[in-house]
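K.L.:
Quick one: structure below, then a few questions.
The values are calculated or read from the model by the stated rules, or taken from the named source; none is laboratory data. Only a predicted model underlies this, so the values are computations on that prediction, with no experimental measurement involved. Cβ placement follows ideal geometry from the backbone for every residue including glycine, while neighbour counts extend to all protein chains displayed.
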């Protein structure tokens, strides 16, 4: 089928064959190229979910510890610290 999109050629290794065989039982009736596309998209979605979960955990930690050290350093702390440095 004519297309302007790039085509990708993949050699079916033993490991890829196992993944495609497992995918065939999950999505019966699809050709091996269609299964390969499905697996690629599933992997992409899994990576997105993982990224989103990592981001959610980071933001939760930021919110949890936000303001924890408020008031620990006085208003002149940085100036006093710099005064201790040799000129």
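K.L.:
At pLDDT below 95, out of contact with any strand residue (DSSP E or B) (no Cβ under 9 Å at 6 or more places or on another chain) and on the phi > 0 side of the Ramachandran plot: is that true of residue 29 in this structure?
P.N.:
Considered against the rule, which asks whether it is at pLDDT below 95, out of contact with any strand residue (DSSP E or B) (no Cβ under 9 Å at 6 or more places or on another chain) and on the phi > 0 side of the Ramachandran plot, residue 29 comes out as no.
K.L.:
Additional query: If a residue must be surrounded by 10 or more Cβ atoms within 10 Å (Cβ to Cβ) and in a helix (DSSP H, G or I), how many such residues does the stretch 15-32 contain?
P.N.:
The total comes to 11.
K.L.:
Let me ask another. Could you check residue 82 against (1) surrounded by fewer than 10 Cβ atoms within 10 Å (Cβ to Cβ); (2) more than 23 Å from the chain's Cα centre (by Cα); (3) modelled with pLDDT of 95 or more; (4) assigned to a helix (DSSP H, G or I) and say which number it fails?
P.N.:
Result: residue 82 passes all but (3).
K.L.:
For the structure I just gave you, tell me whether residue 58 is within 30 Å of residue 16 (Cβ to Cβ), part of a helix (DSSP H, G or I) and modelled with pLDDT of 95 or more.
P.N.:
No; evaluated as a whole, the condition is false for this residue.
K.L.:
Hey, any hits in the stretch 37-55 for a residue that's assigned to a loop (DSSP other than H, G, I, E, B), touching a helix residue (DSSP H, G or I) at 6+ places or on another chain (Cβ under 7 Å) and either at negative phi or surrounded by 10 or more Cβ atoms within 10 Å (Cβ to Cβ) (or both)?
P.N.:
Within the stretch 37-55 (the criterion being assigned to a loop (DSSP other than H, G, I, E, B), touching a helix residue (DSSP H, G or I) at 6+ places or on another chain (Cβ under 7 Å) and either at negative phi or surrounded by 10 or more Cβ atoms within 10 Å (Cβ to Cβ) (or both)), the answer is no, since none of the residues qualifies.
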